[in-house]
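Shown next, in structure tokens, is the structure this report addresses.
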Ligand SMILES: C[S@@+](CC[C@H](N)C(=O)[O-])C[C@H]1O[C@@H](n2cnc3c(N)ncnc32)[C@H](O)[C@@H]1O
């Protein structure tokens, strides 16, 4: 991503990824009518911009997405997963709660990525297995609430158990009330390595600098899956 600049286009926002443009629709519905819960994934969060930028620059993640299979958890509007597809991923699965599935499908169709990108409901901690092997898992701004992150950790561990080499990247915004969330992943055995502090590169941060606002911090983490004593599916190839 040369930059994460975006412009308003009705309900769509545009994001520039390398020499291509992604259109991402942000929903008006801010509440899940089935559960009464806020639909926090109805729009693109700044951590998604930071992660998409890190994926695109190759400087931070040093990982070519071409030909890789990618899972996004808590995808919201799906910017990081769609970015992976634009970067050449052969298969991308965008997942979130059911109420966000239609919006995600709309974003896949708007970018004509339906041949490589699938959308699925996946609620963290549910019994539903992801059922396939992934080279990479991406997640942005999913560290919001400790109990939910504990459930996310169980899902993530299930994904990584199936393939020892799966890489996991997460970008988040540092907030006073979410500080305990990463430790929920450590409790289920993940190591957490901070790759970038994310202080300076995102468009959102640049705008804040211009307006003299206090800078927010968006670290990008690599999550190291726990060593499993049993239950590993044999590795099926090199991801590098
Ligand atoms: C702050 S939003 C971030 C959305 C998107 N990743 C982004 O950065 O723009 C948190 C996302 O996590 C999803 N989420 C929260 N709890 C979840 C759960 N139990 N199962 C699946 N997704 C969940 C929300 O629906 C939402 O899309």
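The values are calculated or read from the model by the stated rules, or taken from the named source; none is laboratory data. If you're wondering where the values come from, they're calculated on a predicted model, not measured in any experiment. Please note: Cβ atoms are built from the backbone with ideal geometry, for glycine as well, and neighbour counts cover all protein chains shown.
Please verify whether the range 108-118 includes one or more residues that are in a helix (DSSP H, G or I) and either out of contact with any strand residue (DSSP E or B) (no Cβ under 7 Å at 6 or more places or on another chain) or near the ligand (Cβ under 10 Å from one of its atoms) (or both).
Yes: the range 108-118 contains one or more residues that are in a helix (DSSP H, G or I) and either out of contact with any strand residue (DSSP E or B) (no Cβ under 7 Å at 6 or more places or on another chain) or near the ligand (Cβ under 10 Å from one of its atoms) (or both).
Looking at 52, 75, 42 in this structure, which one is surrounded by fewer than 23 Cβ atoms within 10 Å (Cβ to Cβ) and within 16 Å of the ligand (Cβ to nearest atom)?
On the way: 52 fails: surrounded by fewer than 23 Cβ atoms within 10 Å (Cβ to Cβ); 75 fails: surrounded by fewer than 23 Cβ atoms within 10 Å (Cβ to Cβ).
One residue alone meets the criteria, 42.
Return the total of residues in the range 121-154 being over 14 Å from the mean Cα position of the chain (by Cα) and closer than 14 Å to residue 97 by Cβ.
Number satisfying all stated conditions: 8.
Of all residues in the range 140-171, which are near the ligand (Cβ under 9 Å from one of its atoms) and in contact (Cβ under 8 Å) with a residue 60 or more places away in the chain?
Those that are near the ligand (Cβ under 9 Å from one of its atoms) and in contact (Cβ under 8 Å) with a residue 60 or more places away in the chain: 140, 141, 142, 144, 152, 155, 171.
Could you look through the range 95-107, keep only residues that are in a helix (DSSP H, G or I) and within 9 Å of the ligand (Cβ to nearest atom), and pick out the one that is nearest to residue 76 (Cα to Cα)?
Restricting to residues being in a helix (DSSP H, G or I) and within 9 Å of the ligand (Cβ to nearest atom), the top hit is 100.
Just for the range 122-139: of the residues that are at pLDDT below 95 and either farther than 30 Å from residue 88 by Cβ or outside any loop (DSSP other than H, G, I, E, B) (or both), which one is farthest from the ligand (Cβ to nearest atom)?
Result: 127.
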